[in-house]
Amino acid sequence: MKKWLIAFLLGLSATAWAQSTIVKVEDAWVRGTVATQKATGAFMRLTPSANARLVSVSSPAAGVVEIHEMAMENGVMRMRQVPGLDLSAGKATELKPGGHHVMMMGLKAPVAGGDTVPLTLTFEDAAQQRFTQEVQAPVRALGSGTAMKPGMDHKH
């Protein structure tokens, strides 16, 4: 009985400690698609209570979900996957069109304005403990001012 109680308390302490870092997720949204489009982006603002790192994102709405960045290379905007995104304590990090964002590929169905897309964000704290946060991101319809700018290249 004593060993069980100690194991239970240690597990409870580890869980509470791993969840001591909280990431505030604000203004999450997903860009709407047309019927044949198989990829889209998700955007949001992340503010952690302590230094953390966004290490992955998943969604049942897409076959592949990656963290991406867009950067100018030789006058052309290019997009590429990054292994994670460092988040500084108390500082908001924007995931936005033309910058860091979540890329959803292999969409299982089109997403349209009024829909909601579930996302699971996986973070890692300074002690490399992982924790997840669920987000319900509303879809913004195409033409609502969220279109890509000319010259932005979606090559991977």
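Summary table below
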read-out	value
Packing-based order for 83-92, 109-118, using average beta carbon neighbours within 10 Å, highest first	109-118, 83-92
Relative packing of 72-81, 40-49, which averages over residues the other C-beta atoms within 10 Å, highest first	40-49, 72-81
Inter-label distance for Met105 and Gln81, nm, one decimal - labels placed 7 Å from Cα along Cα-to-Cβ	0.7
Unit Cα scatterers, Debye sum, segment 50-132: log10 I(q)/I(0) for q = 0.21, 0.23, 0.24 Å⁻¹	-1.08, -1.18, -1.22
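The numbers here are math on the coordinates, done by the rules we state, and not lab data. Predicted, not measured: the structure shown is a model, and the values here were computed from it. As a convention, Cβ positions derive from the backbone with ideal geometry for all residues, glycine included, and neighbour counts pool all protein chains shown.
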